[in-house]
Structure formats: C-alpha cells, structure tokens
Amino acid sequence: MQGPIPRMPERTPKALRAAIAQHTPKLLPDFDNNWREKIADTYDLAPVPAFMARWWAEFALARDPQLENRVHSLEDEASQATDSARAKSLVEQAGRLRREASGVEPGQ
C-alpha cells in the first residue's frame, strides 16, 4: 500500500530538486543532467521556465505511483493498438492526465 502523495514544493528549481531527491530519486539523475545541459553549462537562464514546466510535470506525475502507472499503461496500450481511433483516444486520455498532474500548485 502506498503512503500519502507528497505535496508539490515551491515552484523553484532548488525546491523542485529537493522534492525529487526526497520523493522520486529515480528522476534525479535525469533532472541533474538536463539542468547541466540546458542551464548550467550554457550560462543561459532563458530556458529556466521551460525546464521548470517539464520537471514540474515529471515530478507531479511520478509522486503518485498509481497515476504514473495509469498514464504509462494508457501510453503502452496506445502504442500497441491496431485501431487508430482507439490509439488516439488512449493517447488523449494519457495527455489529459499528464496535463491535470502538471497543473497542480505548490502545496497541493
């Protein structure tokens, strides 16, 4: 049985990284690599909003294993569907769940 779903952190790179490290450490190597590649190594802060949007959504989904499994199941089923209408419907369902997860606010 799963414990309570962790709350979303403050919407800062530092707070998000700390939340990932504590609650979803499997994401941490990719988070750090992406930070280095997009921000640290380039000395360019322009990509920070896009970086935060991506990783906010990744953490929002990964912090809830049941939701994450549901989304991945829908995506897997879509990739195996032989009917394009069925595949489209499954992808749309997964996308809706991803968007809902990424729309959570700090503290939720």
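Any read-out appearing in this document is the output of simple, stated calculations on the displayed coordinates, not a laboratory observation. Fair warning: this is a prediction, and the values are worked out from it, not measured in the lab.
Of all lysines in the structure, the ones whose alpha carbon falls short of 19 Å from that of LYS26, not counting any fewer than 8 places away in one chain, are LYS14.
Considering only ARG70, ARG96, ARG86, the mean-square fluctuation computed in a Gaussian network model of the chain, springs between alpha carbons under 10 angstrom, is largest for ARG86.
Once you reduce the stretch 44-84 and the stretch 1-26 to the center of their Cα atoms, the two points are 15 Å from each other. Taking all Cα-Cα distances within the chain, those exceeding 16 Å account for 62%.
Contact order for the chain, expressed relative to its length and based on alpha carbon pairs under 8 Å spaced 6+ residues apart, stands at 33 percent. GNM on the chain, alpha-carbon springs under 10 angstrom: the most fluctuating residue among LEU61, LEU74, LEU45 is LEU45.
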